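Report on one structure; see the data block that follows.
The values are calculated or read from the model by the stated rules, or taken from the named source; none is laboratory data. Please read all numbers here as calculations on a predicted model, not as lab measurements. Positions of Cβ are backbone-derived with ideal geometry, glycine not excepted, and every protein chain shown enters the neighbour counts. Ligands, DNA and RNA are stripped out before the accessible areas are found, and what is left, the full protein with its side chains, is counted by its heavy atoms. Shrake-Rupley method; radii C 1.70, N 1.55, O 1.52, S 1.80 Å.
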Amino acid sequence: MNALLPTASVPLAVSPVEVSLFAFVILTAVVTALARDVLSSIIVFGAYSLGMAALYTFYRAPDVAMTEAAISAGVTTVLLLLTIAKTSRIDHEVAFESVHWPAVGAVGLLGAAMASTLAEMPVVGDTNSPVWSNPDVTQYYLANAYAETGVENAVMSVLASYRGFDTFGEAVVVFAAGIVTMLVLRREVFA
Amino acid sequence: MSRDAPAGDDDPATENGPATENGPATENGPATENGPATENGPTAADEPTGHRGFGTEYSGHEERPHLSEVERQGTPYTESQVIMTTVKAVAPFVFTYGLFITFHGGGSPGGGFQGGAIVAAVVLMIAFAFGIESTREWLSNSVLVGLAVGGVLVFAGIGLVGLAGGGTFLDYSFLPIPEPMKYGMEGVEILGIAPIVASVLIGLFFLLAAGPADDETEVSE
């Protein structure tokens, strides 16, 4: 298992895969926001989610990547398509919305404010970052998860055992989402 | 691939020209797939409104006695041989992959949530390919509701066993099974989370496809 984990502190250099994935994700995000046609927007948004899933895989979070790919790129795209299929589609002469520069300025200011904290963030994969080196949380789970729960996937041992009550709440939230959708649409059956 | 004799009827791309339209067994590959070759699952032939354009025929507020006629409201369905054939080929593998992710969550990435979502995606794929309404008739509502409710009950039940035994909620060590920690977690993932996620996602899909019920016909306010 240890071969899968980041062992030494990772140098600052970013790989070409990382750069291209980031470029893809940012490009698709901008196109999603600017596309005039809702159908185009939804399809590009699906591509964005797929890029995010690849990025999560690259950063060694396969559980999150699977969820992103299945839920966000797959099911959500289908549900959004289903929803706009019930509306009438308008033919647009231009492909993109015109850019609203005051809004861009406001978002840019917010982004700059957030980016000013980037220098304080630990490097990706840094073994000295608090989230990794913390002896009471991350290191405790990694050291004891198999001995205490008997499963090799430490993520699942956290989800189903150490934080099982949270997961129970999440499962009930999913259940409640189905019930509430029935209520909102005034239907009494799923299918 | 040449299962159907009247090949070339709908395919304008046969190389032999229009003269051989009713000829027996042209050698062109794509022409032989025009038949409704759907032996199992929801068949496209059952779909009463095939070849529907995108979002056309929105007929407004007419009365809908039951859900199977909801598509008068304009649920789009375009019959496509490419999509149907692809889904028929891919669906068993995606379904198996979803079950693998669910059952193997303890030893590899994944778990009940991801596996349940992938299993639900199989049903969504089938509905996309063969029509939502015929898939809705093929599915049983009581199965979906049973999976969702049963999942919550199993999860809560496994949690309450620990409480009943004098421990804490979700204390798996009180379960009367060998290796209670490991198999308690697997039970929660496989019998609890995966059925809830799969059935609710399928339910959301068909609920959104049906759309809201009319005020006049189904709700008296």
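Annotations for the structure displayed:
- The set of residues from segment A:57-74 being more than 9 Å from chain B (Cβ to nearest Cβ) and touching a Ser or Thr at 6+ places or on another chain (Cβ under 8 Å) comprises A:68, A:72, A:73.
- Scanning segment A:172-189 for residues that are of a type in the set (Val, Ile, Thr) and assigned to a loop (DSSP other than H, G, I, E, B) yields one hit, A:189.
- Helices (runs of 4 or more DSSP H) fully within segment A:100-171 that include at least 3 residues being of a type in the set (A, V, I, L, M) and open to solvent by 60 Å² or more (accessible area, probe 1.4 Å): A:101-115, A:138-149.
- Long-range neighbours under 6 Å by Cβ, at least six apart or interchain, first residue without any contact (Cβ under 8 Å) to a residue 12 or more places away in the chain and of a type outside the set (S, T, N, Q) within segment B:106-118, second surrounded by fewer than 24 Cβ atoms within 10 Å (Cβ to Cβ) and outside any helix (DSSP H, G or I): B:107/A:152
- Restricted to segment B:61-99, and to residues there that are within 12 Å of chain A (Cβ to nearest Cβ) and surrounded by fewer than 14 Cβ atoms within 10 Å (Cβ to Cβ), the residue that is modelled with the highest pLDDT is B:78.
- Applying the set (1) in contact with a Leu (Cβ under 9 Å, 6 or more places away or on another chain); (2) more than 9 Å from chain B (Cβ to nearest Cβ); (3) open to solvent by less than 40 Å² (accessible area, probe 1.4 Å) to residue A:47 leaves exactly one unmet item: (1).
- Being within 7 Å of chain A (Cβ to nearest Cβ) and of a type outside the set (Ser, Thr, Tyr) holds for only one residue in B:146, B:105, B:116, and it is B:105.
- Condition broken by residue B:135, with the remaining ones in (1) in contact (Cβ under 8 Å) with a residue 40 or more places away in the chain; (2) within 10 Å of residue B:202 (Cβ to Cβ); (3) surrounded by fewer than 24 Cβ atoms within 10 Å (Cβ to Cβ) satisfied: (3)
- Candidates B:159, B:146, B:187, B:192 - the one that is open to solvent by 30 Å² or more (accessible area, probe 1.4 Å) and either part of a helix (DSSP H, G or I) or in contact with a helix residue (DSSP H, G or I) (Cβ under 7 Å, 6 or more places away or on another chain) (or both): B:146
- Hits in segment B:133-143 (condition: assigned to a helix (DSSP H, G or I) and aliphatic (A, V, I, L, M)): B:143
- Residues that are in contact (Cβ under 8 Å) with a residue 40 or more places away in the chain and within 22 Å of residue A:79 (Cα to Cα) are absent from segment B:175-184 altogether.
- Screening A:88, A:98 for residues that are touching a Gly at 6+ places or on another chain (Cβ under 9 Å) and more than 29 Å from residue A:60 (Cα to Cα) leaves exactly one candidate, A:88.
- Single residue of segment A:172-181 satisfying the filter (surrounded by fewer than 17 Cβ atoms within 10 Å (Cβ to Cβ) and under 22 Å from residue B:138 (Cα atoms)) that is farthest from the other protein chains (Cβ to nearest Cβ): A:179
- Restricting segment A:75-94 to residues that are more than 7 Å from chain B (Cβ to nearest Cβ) and assigned to a helix (DSSP H, G or I) leaves a set whose member that is farthest from the chain's Cα centre (by Cα) is A:84.
To keep it simple, each residue is scored yes or no on (1) open to solvent by less than 50 Å² (accessible area, probe 1.4 Å); (2) over 19 Å from residue A:76 (Cβ atoms); (3) modelled with pLDDT under 90; (4) not assigned by TED's automatic domain parsing to the domain that holds residue A:138.
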| residue | (1), (2), (3), (4) |
| --- | --- |
| A:6 | yes, yes, yes, yes |
| A:9 | no, yes, yes, yes |
| A:18 | yes, yes, no, yes |
| A:23 | no, yes, no, yes |
| A:26 | no, yes, no, yes |
| A:31 | yes, no, no, yes |
| A:35 | yes, no, no, yes |
| A:42 | yes, no, no, yes |
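- Residue in segment B:197-206 that is more than 23 Å from residue A:70 (Cα to Cα), more than 7 Å from chain A (Cβ to nearest Cβ) and touching a Leu at 6+ places or on another chain (Cβ under 8 Å) present: no
- Number of positions in segment B:120-132 that are more than 7 Å from chain A (Cβ to nearest Cβ), of a type in the set (A, V, I, L, M) and either surrounded by 24 or more Cβ atoms within 10 Å (Cβ to Cβ) or not in a helix (DSSP H, G or I) (or both): 3
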